[in-house]
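Working notes, structure below.
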């Protein structure tokens, strides 16, 4: 199988879907891996690492889609990539189809087989979605703190350091609560 790794073209997206170590493992098992030049650069994986792993580097974004049986991406295809998808090809990425009717229709029209990371289930868990949710939960606290800071019109109060020193209206995010409570409080114990 020919596995293609295009450079992500969505704004502010620097991740890469396949690390050089994974490319090496696929090649070792008889697959061919095609990587667009600089696909991993934004995530700290230079072309030399993919070259050393045995991957073929190509300069053209379109060439990755043309040659690959399996296209591995991080984010959903962008509108300029819709025409690059074809019948018989497999697309493995985050798709979030409920958020984009045009994407859904483009995938159906293309005939590509789409596998969405967010739907992969193993032992009643979502192993590809859980790490992203945990990161988002942790980031929500940092982003909330930033926007509640004094220079953004907030109360300039340390939430945990001095609960009694000032009154502040704040937003409490429950995004991380389930993961946090599992680590801090054993099952069956009271939270209060």
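Take residue 86, project a point 7 Å from its Cα along the Cβ direction, then tell me which residues of segment 64-80 have their backbone nitrogen under 12 Å from it. Residues 64-70 qualify, since their backbone N sits under 12 Å from the label point. In a fully extended conformation the segment linking residue 101 and residue 146 would gain 12.9 nm over its present Cα-Cα distance, using 0.36 nm per residue.
Rounded to the nearest 0.05, the FRET efficiency derived from the C-beta distance between residue 25 and residue 78 at R0 = 35 Å is 0.80.
Over segment 2-119, the hull volume per residue, using the convex hull of the C-alpha atoms, is 97 Å³.
No lab work stands behind these numbers, since they all come straight from the coordinates. Worth saying up front: this structure is predicted, and the values here are computed from it rather than measured. Cβ: placed from backbone, ideal geometry, glycine included. Neighbour counts: every protein chain shown.
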